[in-house]
Amino acid sequence: MHHELKSDEIPHGNLKSSNILFKDDMEPCLSEYGLMPINPHDPNPTNDQTTTPFKSDVHAFGVILLELLTGKPVQDNGSGLSKWVTSIVKEEWTIEVFDKALIVEGASEERMVVLLQVALRCINSTSTPPTIAEVSAMISSLKEEEERSMTSSDP
C-alpha cells in the first residue's frame with residue numbers, strides 16, 4: 001500500500017489492529033485508510049507529510065506485531081506495550097514476552113524471535129526505522145525460509 005500510494009503522499013495514518021478486517025478467505029483488508037488523527041496541540045501542523053506519517057505507519061505496524069506476539073491489548077497508542085517488551089528484552093528474558101497460547105499451539109520460537117526483532121526495529125525511536133518495504137521484505141524472507149524448510153522436510 002505504501003509503495004502504490006507514496007507518490008500520492010497518502011499514508012494509512014491510523015494503522016491499528018482494529019482497522020485490520022478479514023474477508024471470508026482470511027484475506028486482510030485495511031479500513032480507515034488516509035484518515036490521520038490531527039493533534040490540535042501541534043504548533044506545526046504542516047509537518048513533513050511525506051515522511052512523518054509513513055514513519056508512523058511503520059511504528060504502528062511494529063505495535064501490531066507486538067500485540068500479536070504478546071497477546072496483550074494495546075493502550076496509549078502502544079507506548080506501554082512497547083516499553084514493557086523493550087524492558088523484558090533488555091533483561092534477556094525474551095521468551096517471557098510471547099503469548100503462551102502461541103507456544104502451546106506449536107509456533108516456532110525462532111520465528112517469533114525474528115518477528116519480535118522486526119517489531120523492535122519498527123518501534124525503536126533512537127534509530128532510523130525501516131521503510132515499510134524493508135519490513136515487508138524481512139517478513140517475506142522469513143515466510144520463504146519457512147516454506148523452504150517445510151518442503152525440504154517433506155518425505
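The values are calculated or read from the model by the stated rules, or taken from the named source; none is laboratory data. What you are looking at is a predicted structure, and each value in this text was computed from that prediction instead of being measured. In this analysis, Cβ positions are derived from the backbone assuming ideal geometry, glycine residues included, and neighbour counts consider all displayed protein chains. To get the accessible areas, we keep the full protein, side chains included, count just its heavy atoms, and leave off ligands, DNA and RNA. Shrake-Rupley method; radii C 1.70, N 1.55, O 1.52, S 1.80 Å.
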Restricting attention to segment 125-136, which residues are open to solvent by less than 60 Å² (accessible area, probe 1.4 Å) and part of a helix (DSSP H, G or I)? 132, 135
Residue satisfying condition, being at pLDDT below 60 and among the basic types (Lys, Arg), within set 6, 55: 6
Test residue 66 against the criterion of being among the aliphatic types (A, V, I, L, M), outside any loop (DSSP other than H, G, I, E, B), more than 14 Å from the chain's Cα centre (by Cα) and at pLDDT 65 or above, and give yes or no. no
Got at least one residue in segment 102-124 being part of a helix (DSSP H, G or I), open to solvent by 70 Å² or more (accessible area, probe 1.4 Å), of a type in the set (Val, Ile, Thr) and modelled with pLDDT of 85 or more? yes
Would you check if residue 148 is over 16 Å from residue 60 (Cβ atoms), of a type in the set (D, E, K, R) and either open to solvent by less than 70 Å² (accessible area, probe 1.4 Å) or not in a helix (DSSP H, G or I) (or both)? no
Give me the pairs: first residue in segment 107-127 and closer than 15 Å to residue 139 by Cβ, second residue of a type in the set (Phe, Trp, Tyr) and open to solvent by less than 50 Å² (accessible area, probe 1.4 Å), beta-carbon distance under 7 Å, and six or more apart or on different chains, which are they? 112/98
Run residue 77 past the list (1) over 24 Å from residue 113 (Cα atoms); (2) modelled with pLDDT under 70 and report the number of the one that doesn't hold. (1)
Of all residues being at pLDDT below 90 and part of a loop (DSSP other than H, G, I, E, B) in segment 80-101, which is least open to solvent (accessible area, probe 1.4 Å)? Just the residue, please. 91
Open to solvent by 70 Å² or more (accessible area, probe 1.4 Å) and at pLDDT below 80: is that true of residue 43 in this structure? yes
Look through segment 57-77, keep the residues that are in contact (Cβ under 8 Å) with a residue 60 or more places away in the chain and closer than 14 Å to residue 120 by Cβ, and return whichever of them is surrounded by the most Cβ atoms within 10 Å (Cβ to Cβ). 62
In this structure, does residue 71 turn out to be at pLDDT 90 or above, more than 13 Å from the chain's Cα centre (by Cα) and of a type outside the set (Phe, Trp, Tyr)? yes
